[in-house]
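Each reported figure results from applying straightforward, stated rules to the coordinates on display, with no laboratory input. Here the structure is a predicted model, which means the values were calculated and not measured. Backbone-built Cβ (ideal geometry, glycine too); neighbour counts: all protein chains shown.
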Amino acid sequence: MTHTNHIIFQVAGAVTVGLLSACATQQKDIVLLEAGVSHELAQFRKEHFGQVKYYLFFSIPESKQEPVKGRAAIRLSLKEKLPVIIDFRGEASQIASVVLNGEQVPYEVRNEHIIIPADRSKVGENEVNIAFTPADQSLNRRDEFLYTLLVPDRARTAFPCFDQPDMKSLFTLALEVPVEWQAVTNGAIGKTDTISVPGRKIISFKETEPLSTYLFAFTAGKFIRETYTRDGREISIYHRETEPKKIAQCPDIASEVFDALAWLEDYTAVPYPFAKYDLIILPGFQFGGMEHTGATFYTDRRMFLNENPTLNEQLSRSALIAHETAHMWFGDYVTMKWFDDVWTKEVFANYFASQIVEPLYPNINHALNFMQDYIPPAYSEDRTAGANPIKQDLDNLRNAGLVYGNIIYDKSPVVLEMLIKKMGKEAFRKGIQEYLKTYAYGNATWEGLITILDKYTDDDLATWSHIWVNEKGMPEITASVVGDSLVVSQNDPFDRGLNWPQDLSFLIVPKNGDPEEISVSLGRNSNSIRKELKKLPKEECFIIPNTDGKGYGFFRLNKADAEACAAYLPACKDELLRGSILITLYENLLNGTISPTSYMEAMLDYLPKENNSLLFSAALGYIGNCQRLYPADTALLEKTLWQIVTASSVPQHRLQAFRSYRSIVQSPEAVASLYDLWKKEQAPAGCSLSENDYIGLSYILALHLPEQADEIINTQLSRITNPDRKREYQFISPSVSPHKEVRDSVFASLLVAENRRIEPWASAALANLNHRLRQEGAIKYIRPALEAMQEVQRTGDIFFPTAWVRALLSGHTSPEARAEVDAFFTDHPDYPPMLANKIRQQADHLYRLKHR
């Protein structure tokens, strides 16, 4: 398209807004008014609309049954008289009035837009005033509080706006709330009026810095506020926690925020770019966190740790805080232009989080932690038929939520680490500082960043980037000793002939004698490389691939090497190498190189000897997955885990082993033992159990002991005192009912969008309905739950489609379950590809089992 494109607008009759190509041979009318925000509409508005400011007001009743009322004043400048196309996802009845430049104007609500005709606008500044009733979808209304969550394109459900990331705007907000409520938003409080409306107060907030609509947020309700200061900077934490030991963690949380801010200011050479940093810890929040400037939201599940938390839980909280704080620079200060580049904010948030956390935990192996954090979850999607590139095509923001997943969160930091190695850390840092300076308070693309980074290296970053960023999947890598050399080959599992350039390391281990480490560099123009060995093995040897854990791909082992690696694992002194072997062995289990029986035997021999908490946790997870996917007699597994629970010298290993034991337990004796300790609330010696542990145990026991299920659930409910957690338990617990009609009723209720509003609760209930112990009777849920996926996407937040289908399918291992998925895709040959990928990713295990 060229600058000669023009708008056609018709007020009478049907409204048509389109772009008409000037090219005579390729005339194409692109409809701007399709539902959602099309890329064409976004580009048109970015070109023609400017200087946008929002003045918003919401009146919030105390009762969530009463509607919220809103008013929006939107100021914008126009280069010429044009139709004003405002996004609003709601019915026409939700719009009370539309006033443009002081006059009532005709308008139409169509396909999630409010359209004002061009003849009513003017060149220069215009002001649109709209009175409306927002939908509750993104207001997340609960008893005693609410909060907005508008990423990626949900701002238009809460108020009329230009809902695209590259139209950064200034926001000024006022809220009318019950007098005893508090409220937080991106801007600081300007003034509070407790007189104008009896029993209510109006809180007016100061104007924000330039923000994309998805970053605008507010919360209001009954909260406790804790305030902390360091070096002249103040942070407030708002929460609803009632347990004193959890509230006592607030100073530690604030301290880690201060640490992250200081680290990022030093690294970027950019002072914190926003007026304040407050955080709100919310019960049942859908995400781990959300990086709203000045009002960052976190989930209570990740922030308030149980007593005697495991190292993984501590690291997880620290990384989460660092991740969201990094977003203040990467995502908020500089924002992607379009959501196809959303990964450019997530890759920096995750990568820098790993760096920020390092000084907080000086005694752990951070290279190991990086590998364990990112590579296994990336493989979990990249190995599947639903694999997608890091950067995905996106035609309309209504599909932007489907861009999110482990590929952008976990594969991208691994790729970024490769990039930094190519450039050098200091050159990369200089490039990042230039990037932030160039796009301050603006929008950028990955290509724009690569152009800047290219100045600081002689490498061809653009070509290297294409294979890692724009292509899906990962290489399958094999290695063998041929004559006097190590031969390493890679192939493309999708048969595109792609080669992934990367540096790899291998260990040649002879039966007797010293191992030899070999490094090779695979290039983008070759699928094989041969490297001469310094010491030719005179006897039988085996190969351990990816010894430094920095390679990315499926390292296929032959049967002999697989068995040798498993035998080598317990005696290996190198923590990073043990971690890499764990990952490689598990991937080979899934790909059929290792039998489940031999894999489980090797892992149960290794587990009790592992003292590194990161590796112990990883191994427990792999063992649990092996038992879930390839069910076998649990006698040895139960015995091994219980010995760790009762005898391990590492307290957190006892707790982790207990949680794993609880999830896999099968024998009547073990179930009876669990019931006894739950009933007496008497944890095994040296194993500290939290309220959440007992809640999880009650669900498992209800599934195992149907005749006692009602008594178990009622007793556990009576033990819970926090009102938010009590409501959560009341929602989830019917899903473990022994009564088929109750479970069917729960499932039917989950098919209604209103009942899925608190998404973690809905996911937990669906997972219980499809638990491995109930999978035979739950086959009937698979098809209707898959049929609901498009509505789940439309009405849920960004991670919910994946959470929904994972909860649905992860407990199933039968051919009948696979047949249900096959039948679904047969009946829907043109199913939306991005949503289909989410299903295929979570159904992957069903197809791997098929080949056993």
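Observations on the model:
- Rounded, prolate or oblate (a/c below 1.5 giving rounded, otherwise prolate when a/b exceeds b/c) for the range 298-377 by Cα gyration tensor: prolate
- Cβ-based exposure ranking for His323, His704, His466, in which fewest neighbours within 10 Å come first: His466, His704, His323
- Across the range 51-220, Cα-Cα pairs farther apart than 20 Å form 50% of the total.
- 18 Å reach of a label modelled at Ser688, 7 Å along Cα-to-Cβ, counting backbone N of the range 613-652: 613, 645-652
- Pairs from the table (Lys422/Lys535; Lys46/Lys79; Lys79/Lys437) lying more than 19 angstrom apart at Cα are Lys422/Lys535; Lys79/Lys437.
- Taking amide H as placed 1.01 Å from N in the peptide plane, Arg110 has its amide H under 5 Å from the amide H of Ile115, each at least 5 places away in sequence or on another chain.
- Relative contact order (%) - criterion: Cα under 8 Å, at least six apart; region: the chain: 8 percent
- Shown is the FRET efficiency for Val487 and Asn714, computed with R0 = 56 Å from the Cβ-Cβ distance and rounded to the nearest 0.05: 0.30.
- When both the range 29-79 and the range 702-757 are represented by their alpha-carbon centers, they are found 40 Å apart.
- Each residue of the range 203-208 is assigned a 3J(HN,Hα), and the resulting list reads 9, 9, 10, 6, 5, 7 Hz, derived from the Karplus form 6.51 cos²θ - 1.76 cosθ + 1.60 (θ = phi - 60°), x at Gly and Pro.
- Each of Trp642, Trp329, Trp500 has some number of other Cβ atoms within 10 Å of its Cβ, and from fewest to most they run Trp642, Trp500, Trp329.
- Counting 0.36 nm for each residue step from Lys740 to Arg75 and taking away their Cα separation leaves a gain of 233.8 nm.
- Equivalent ellipsoid, the range 339-450 (semi-axes from 5 times Cα gyration tensor eigenvalues, Å): 24, 21, 12
- Backbone geometry of the range 792-809 corresponds, through the Karplus equation with coefficients 6.51, -1.76 and 1.60 at θ = phi - 60°, to 3J(HN,Hα) couplings of 4, 5, 5, 9, x, 8, 4, 8, 6, x, 5, 4, 5, 6, 5, 4, 5, 9 Hz, x marking Gly and Pro.
- Computed over the range 306-353, Cα set: Rg, Dmax in Å: 13.1, 43
- By other beta-carbon atoms within 10 Å, ranking Tyr729, Tyr361 with the fewest at the front produces Tyr361, Tyr729.
- Descending Cα extents along the principal axes, the chain, whole Å: 89, 66, 62
- Entry note: the range 223-311 has Rg to Rh equal to 0.97, where both radii use alpha-carbon atoms and Rh is the Kirkwood radius.
- Cα centroids of the range 631-699 and the range 99-150: 54 Å apart.
- Dividing the helix sum by the residues of the chain, where each DSSP H run of 4 or more adds -39500 (n - 2.57), gives a mean residue ellipticity at 222 nm of -12500 deg cm²/dmol.
- Pairs from the list Lys191/Lys726; Lys64/Lys168; Lys411/Lys534; Lys472/Lys609; Lys206/Lys345 with a Cα-Cα gap above 28 Å: Lys191/Lys726; Lys64/Lys168; Lys411/Lys534; Lys472/Lys609.
- Amide hydrogen proximity for Ala188: with H placed 1.01 Å from N in the peptide plane, the residues at 5 or more positions away or on another chain lying under 5 Å are Lys206.
- Remark on Leu173: its backbone amide H falls under 5 Å from those of Leu56, Phe205, a criterion applied only to residues 5 or more positions apart or on other chains, H modelled at 1.01 Å from N.
- Stretching Asp514 away from Asp827 to a fully extended chain increases their span by 106.9 nm, per 0.36 nm per residue minus the current alpha-carbon distance.
- J(HN,Hα) series, the range 211-216, from Karplus relation 6.51 cos²θ - 1.76 cosθ + 1.60, nearest Hz, glycine and proline x: 10, 6, 4, 5, 9, 6
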